[in-house]
1. When the residues of the stretch 8-30 are filtered to those that are surrounded by 20 or more Cβ atoms within 10 Å (Cβ to Cβ) and outside any strand (DSSP E or B), which remaining residue is nearest to the chain's Cα centre (by Cα)?
2. Specify the residue that is farthest from residue 338 (Cα to Cα); the eligible residues are those in the stretch 60-79 that are among the aliphatic types (A, V, I, L, M) and either in a helix (DSSP H, G or I) or at pLDDT below 95 (or both).
3. Taking residue 154 as meeting all but one of (1) over 22 Å from the mean Cα position of the chain (by Cα); (2) surrounded by 15 or more Cβ atoms within 10 Å (Cβ to Cβ), write down the number of the exception.
4. Return the only residue of 47, 57, 102 being closer than 17 Å to residue 143 by Cβ and at pLDDT 95 or above.
5. Of the residues 451, 404, 411, 446, which is in a loop (DSSP other than H, G, I, E, B) and either over 19 Å from residue 335 (Cβ atoms) or not assigned by TED's automatic domain parsing to the domain that holds residue 8 (or both)?
6. Out of everything in the stretch 31-67 that is polar (S, T, N, Q) and in contact with a strand residue (DSSP E or B) (Cβ under 8 Å, 6 or more places away or on another chain), what residue ends up being surrounded by the most Cβ atoms within 10 Å (Cβ to Cβ)?
7. If a residue must be in contact with an Asp or Glu (Cβ under 9 Å, 6 or more places away or on another chain), within 24 Å of residue 86 (Cβ to Cβ) and surrounded by fewer than 17 Cβ atoms within 10 Å (Cβ to Cβ), how many such residues does the stretch 122-135 contain?
8. Could you identify the single residue in 188, 141, 223 that is closer than 30 Å to residue 39 by Cα and either in contact with an Asp or Glu (Cβ under 6 Å, 6 or more places away or on another chain) or touching a residue at least 24 places away in the same chain (Cβ under 8 Å) (or both)?
Amino acid sequence: MTIIKSISGIRGTVGGKPNQNLTPIDVLKYSTSFGVFLKNKYPNKKIKVVVGRDARISGPMIQSLVQNTLVGLGIDCIDLGLSTTPTVEIAVTNENASGGIIITASHNPKNWNALKLLNNQGEFISSNDGDEILSIAENEDYNFSDIDNLGSIKPVSKYIDYHINKVLNLKYIDIESIKKSNYTVVVDGVNSTGGIIIPKLLSKLGVNCIGIHCKPTGEFPHDPEPLEENLTDLSKAVINNKADLGIVVDPDVDRLAFVDENGKMFGEEYTLVACADYILSKKTGNTVSNLSSTLALSKITMKYNGNYFASAVGEVNVVDLMKKQNAIIGGEGNGGVILPELHYGRDAVVGIALFLSLLSERKHTVSELKKTYPEYYSSKKKITLEPNMNVNNILSKIENNYIDKNPITIDGVKINFENSWVHLRKSNTEPIIRIYTESTSKNKADKLAKDFIKEIKKFI
């Protein structure tokens, strides 16, 4: 297994041989290079880095390695311990830190982990900065501190509550309306830090919270990616408890999906659509999502006289385009909601608060709300990469076959058809080719995906 180095961080499976997996040696290597990068960038400043982790079993080991490596470079660490990706992002700016490291492999299975690297704005580092960090790592251009100039580790436990309070203080969050609605909600925290922060948020919103898989043990009870096939426990719990809805997040709480009162998926793609609908009803503006996201967001944006823009996949790309287009909300179709008035990062906590505000204002059930949106269905498939596969060559052949459709190639290949599309790209987070499709029915979306899988396999 090769370590994956991308705009989504340094990630791999834990154990095995160095340079092939995420071993302690690799953790030391990339923690050092990030620390050296920060010291080079801020030569006259005492460097401070915020570090937090999800509940993965390997998390304590990796966090200890990361923090003590930074200490050896003379860098001070703010140790958030068990936390979430958006919480760490918010803490970076509040602490006036030079950067942050989140120890999480997001939606990947429990044998994976990763270092997500943040800049001083609490945002993912740019590709240029990433290249510089990788160069430092490969050249081993390190200089550790002497005994009198070591850094320190300071545990700080306030940021889960701080994050929640920042969300609740947003002018858009209608706390009283949510409380009056007397919602009962089932939460699947996938035995990670969502099981800590989401029940706390719901308690402050006056919501009756029923938790399943909310102990942060790191023993994921199902595949942690919040897709329909992984959420049978949540669907059953919603029905059995006669709940108003179900909520599921991924292990680091930057992705969000809902289940309606009938135990049916609201649709991960529609998390951002609903939140954008609510924000756009309060304020006119632009929206951004990535190329793999639903057409429904552009339809909703046009309804409110805004402009929609599509970026390459990856949070840093979405954020860059949001800033350029002055977007008031954006995110990704994987259930990631970015509200700039809070911070430029995908955040399930603010997504939940916005969704419940919308639901209580419209006085809809979740299934009724879904019916108010343009009806699109997605299919998400993948092909595992083998060492001999040339992904660029495969995608180039697909592009040439559909040149009359004017394929979009800023990130893999996206081909638009009438009322449907397909997006083929190499994943930033796994050794796979992703095949995402969308159409006006589930059968059409699935057929489109299967057709392109067959086509790809012709070139393998």
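1. 8
2. Initially, the stretch 60-79 is screened for residues among the aliphatic types (A, V, I, L, M), giving 61-62, 65-66, 70-71, 73, 75, 78.
Going one step further and asking which of them are either in a helix (DSSP H, G or I) or at pLDDT below 95 (or both), we end up with 61-62, 65-66, 70-71.
Values: 61: 30, 62: 28, 65: 31, 66: 28, 70: 30, 71: 32 Å.
Top of the filtered list is 71.
3. (2)
4. Details: 57 fails: closer than 17 Å to residue 143 by Cβ; 102 fails: closer than 17 Å to residue 143 by Cβ.
Step by step, each of 47, 57, 102 is checked, and only 47 is closer than 17 Å to residue 143 by Cβ and at pLDDT 95 or above.
5. On the way: 451 fails: in a loop (DSSP other than H, G, I, E, B); 404 fails: in a loop (DSSP other than H, G, I, E, B); 446 fails: in a loop (DSSP other than H, G, I, E, B).
Answer to the selection: 411.
6. Applying the first criterion (polar (S, T, N, Q)) to the stretch 31-67 yields 31-33, 40, 44, 58, 63-64, 67.
Cutting the leftovers down to in contact with a strand residue (DSSP E or B) (Cβ under 8 Å, 6 or more places away or on another chain) gives us 31, 58, 63, 67.
Numbers: 31: 27, 58: 20, 63: 23, 67: 23.
Residue satisfying both the conditions and the ranking: 31.
7. Result for the stretch 122-135: 1.
8. Values: 188 fails: closer than 30 Å to residue 39 by Cα; 223 fails: closer than 30 Å to residue 39 by Cα.
Sole residue among the options that is closer than 30 Å to residue 39 by Cα and either in contact with an Asp or Glu (Cβ under 6 Å, 6 or more places away or on another chain) or touching a residue at least 24 places away in the same chain (Cβ under 8 Å) (or both): 141.
The values are calculated or read from the model by the stated rules, or taken from the named source; none is laboratory data. None of these values were measured; they are calculated from a predicted model. Because the Cβ atoms are built from the backbone with ideal geometry, glycine has one as well, and the counts that use them run over all protein chains shown.
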